[in-house]
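Worksheet: the structure to be examined is printed underneath.
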Amino acid sequence: MKKLGKNSLSLIGLLDTNLLDYQEENQHHARITVDYRSVGIEAYTHNIDSVTELDKKLAKFCDELYEDVTHINKIKIDQE
């Protein structure tokens, strides 16, 4: 689970929107769990009981997206 901190509602929306778009484009979907200020993303191909290259690609995208979202959050906090 990644914690988003201050301004988390708008950040969760940004994270989810981009992730949902990515998943549709790649026809590979993850389990997304939102728990207050934390978001968990599970990328695992259940029908073959393994982690595939698509899962790794999705995980990399999620890590990059998380970095973007936390950077945007830092800018918003600095502007307050």
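All of the numbers you see were taken from the coordinates with simple rules; none came from a lab. This structure is a prediction, so every number in the text was calculated from the model and none was measured. Neighbour counts are summed over all protein chains in view; Cβ atoms, including those assigned to glycine, are modelled from backbone coordinates with ideal geometry.
Listed values, structure above:
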| quantity | calculated |
| --- | --- |
| Reachable aspartates and glutamates from residue 57, criterion Cα separation under 19 angstrom, eight or more residues apart if same chain | 16, 21, 24, 25, 42, 49, 67, 68 |
| For the chain: relative contact order, % (alpha-carbon pairs under 8 angstrom, 6 or more apart) | 32 |
| Sites excluded, chymotrypsin sites (Phe, Trp or Tyr not before Pro) in DSSP loops with at most 16 other C-beta within 10 Å, longest stretch of the chain | 45-80 |
| The chain, helix-only ellipticity at 222 nm - DSSP H runs n ≥ 4, -39,500 (n - 2.57), divided by all residues, nearest 500 | -20000 deg cm²/dmol |
| Rg over Rh [alpha-carbon atoms, Kirkwood Rh] for the chain | 1.01 |
